[in-house]
Amino acid sequence: MKLSAKLLKALNKQINMELASGYLYRSMSHDMKNLALNGYAKWLDKQYEEEREHAFKIISYVEDRDGVVDFDSVEGVKKHYDKPLDAAKDSLAHEEKVSASIRDLFKLAREEGDIETEVFLQWFITEQIEEEVNARDNVAGFEKAKDCEGLLFMFDAHLGGR
Ligand SMILES: [Fe+2]
Ligand SMILES: [Fe+2]
């Protein structure tokens, strides 16, 4: 069965969103490096790699289903971060948006009667639970460390172990 035009368009949109996520995390990692938060920077670099993998997974899937991927322009990052807590909060908000988008994609696959895409998307639904937990943990960690340089140093070192 061929992917429906609607579903193909939505999968293309998701590919773009994953690439934009990677772009956002790499930019955040750059800002953290400039704040000498090398642990969080490393954590964000790993996240960049993950987002790239997410995009690749969907690209390969579309290829397997004989669909065409449109490599659209990726949205730029408009913001610089001078506090890790702000980056962590924006990451959480971003991942919540991604989860909502995956959920919509899943519902669309169901509407279109595309069982294969439903099964494919299950991995992403589980992955988003992990992404939100990680993002929430980072907000909590930087929240605790926001008034204490020593705690910040420790939490940053902890993140560097990812
Ligand atoms: Fe992702
Ligand atoms: Fe992940």
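Each value in this text was obtained by applying a stated rule to the coordinates, not by laboratory testing. A quick note: this is a predicted structure, and the numbers were derived from the prediction, not measured. Neighbour counts are summed over all protein chains in view; Cβ atoms, including those assigned to glycine, are modelled from backbone coordinates with ideal geometry.
Some points to look at:
- Yes/no for Asp72 being at positive phi, away from ligand 1 (no atom under 13 Å from the Cβ), surrounded by fewer than 14 Cβ atoms within 10 Å (Cβ to Cβ) and in contact (Cβ under 8 Å) with a residue 24 or more places away in the chain: no
- The range 104-120, residues that are touching a residue at least 24 places away in the same chain (Cβ under 8 Å) and buried (at least 17 other Cβ atoms within 10 Å of the Cβ): Leu105, Leu108, Ala109, Glu112, Asp114, Thr117, Phe120
- Scanning the range 32-52 turns up no residue that is in contact with a helix residue (DSSP H, G or I) (Cβ under 9 Å, 6 or more places away or on another chain), of a type outside the set (Phe, Trp, Tyr), within 20 Å of Ile115 (Cα to Cα) and surrounded by 16 or more Cβ atoms within 10 Å (Cβ to Cβ).
- Scanning the range 108-135 for residues that are away from ligand 1 (no atom under 16 Å from the Cβ) and within 24 Å of the chain's Cα centre (by Cα) returns Leu108, Ala109, Arg110, Glu116, Thr117, Glu118, Val119.
- Total residues in the range 11-42 satisfying the condition of being hydrophobic (A, V, I, L, M, F, W, C), away from ligand 1 (no atom under 15 Å from the Cβ) and either part of a helix (DSSP H, G or I) or in contact with a His (Cβ under 6 Å, 6 or more places away or on another chain) (or both): the figure is 2.
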